[in-house]
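*Asks:* Quick one: structure below, then a few questions.
The values are calculated or read from the model by the stated rules, or taken from the named source; none is laboratory data. Predicted model, so just to flag it, every value in this text is computed and none were measured. Every residue, glycine among them, receives a Cβ derived from its backbone with ideal geometry; neighbour counts consider all protein chains shown.
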Ligand SMILES: [Zn+2]
């Protein structure tokens with residue numbers, strides 16, 4: 001009886017996480033990877049979700065985004081990515097636990113998925129623009145965990161958390177300090193005009 005209860009609870013947790021991910025427009029392969037549900041069950045869940053909540057949510061197929069350059073495309077995305085990375089760190093998601101080796105649908109993987117959703121939902125509550133999709137957020141965590149392409153550092157001018165591209169020779173300033181640097185300096189502009 002106890003085993004049956006546990007199985008029921010686990011299945012319920014899988015479905016709950018899958019629905020949460022569908023709401024965030026996660027890709028089918030990511031939902032399968034985390035929850036262990038079959039594509040057929042995910043498809044049926046998606047259909048039920050659309051019937052209940054309307055067609056606003058999109059179902060994405062194919063590969064997840066894999067371009068780290070996305071996080072440096074402009075100051076807004078850099079700022080939001082640094083904030084999201086801070087949330088990952090705060091919630092203990094950057095401990096380097098190799099989630100790839102965890103089978104989908106296990107209790108550890110489901111708890112990890114719920115924690116990731118909490119980090120992403122907090123990020124959405126803080127930023128109305130939603131520039132970083134769920135899948136981009138997953139990619140960000142993935143590269144930060146590996147500390148290969150991207151890492152975290154502090155701004156040399158103000159100690160704010162900054163996202164660092166390891167391909168660059170040195171860590172740049174944070175977006176706030178960079179914005180200050182870019183503001184037109186009236187005295188400098190006048191000196192140029194005199195020449
Ligand atoms: Zn700074």
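*Asks:* Considering (1) modelled with pLDDT under 90; (2) surrounded by fewer than 20 Cβ atoms within 10 Å (Cβ to Cβ); (3) more than 18 Å from the chain's Cα centre (by Cα); (4) within 16 Å of the ligand (Cβ to nearest atom), say which one residue 161 fails and leave the rest.
*Replies:* Of (1) modelled with pLDDT under 90; (2) surrounded by fewer than 20 Cβ atoms within 10 Å (Cβ to Cβ); (3) more than 18 Å from the chain's Cα centre (by Cα); (4) within 16 Å of the ligand (Cβ to nearest atom), only one is false for residue 161: (3).
*Asks:* Anything in segment 168-178 that is at pLDDT 80 or above and either more than 9 Å from the ligand (Cβ to nearest atom) or out of contact with any strand residue (DSSP E or B) (no Cβ under 6 Å at 6 or more places or on another chain) (or both)? List them, or say none.
*Replies:* Result: 173, 175, 176, 177, 178.
*Asks:* Quick one: which residue in 32, 7, 61 is more than 23 Å from the chain's Cα centre (by Cα) and either closer than 16 Å to residue 133 by Cβ or assigned to a helix (DSSP H, G or I) (or both)? Outline the logic, then answer.
*Replies:* On the way: 32 fails: more than 23 Å from the chain's Cα centre (by Cα); 61 fails: more than 23 Å from the chain's Cα centre (by Cα).
None of the others qualify; the one that does is 7.
*Asks:* Could you list, in sequence order, the residues of segment 125-158 that are more than 9 Å from the chain's Cα centre (by Cα), assigned to a loop (DSSP other than H, G, I, E, B) and either closer than 18 Å to residue 93 by Cβ or away from the ligand (no atom under 16 Å from the Cβ) (or both)?
*Replies:* 127, 128, 129, 130, 131, 147, 148, 149
*Asks:* Pull up segment 94-124, narrow it to residues that are within 19 Å of residue 38 (Cα to Cα), part of a loop (DSSP other than H, G, I, E, B) and touching a helix residue (DSSP H, G or I) at 6+ places or on another chain (Cβ under 8 Å), then point me to the one that is modelled with the highest pLDDT.
*Replies:* 105
*Asks:* Criterion first (in contact with a helix residue (DSSP H, G or I) (Cβ under 9 Å, 6 or more places away or on another chain) and assigned by TED's automatic domain parsing to the domain that holds residue 122) does residue 26 satisfy it?
*Replies:* On the way: in contact with a helix residue (DSSP H, G or I) (Cβ under 9 Å, 6 or more places away or on another chain): yes; assigned by TED's automatic domain parsing to the domain that holds residue 122: no.
When the stated conditions are applied, residue 26 does not pass them.
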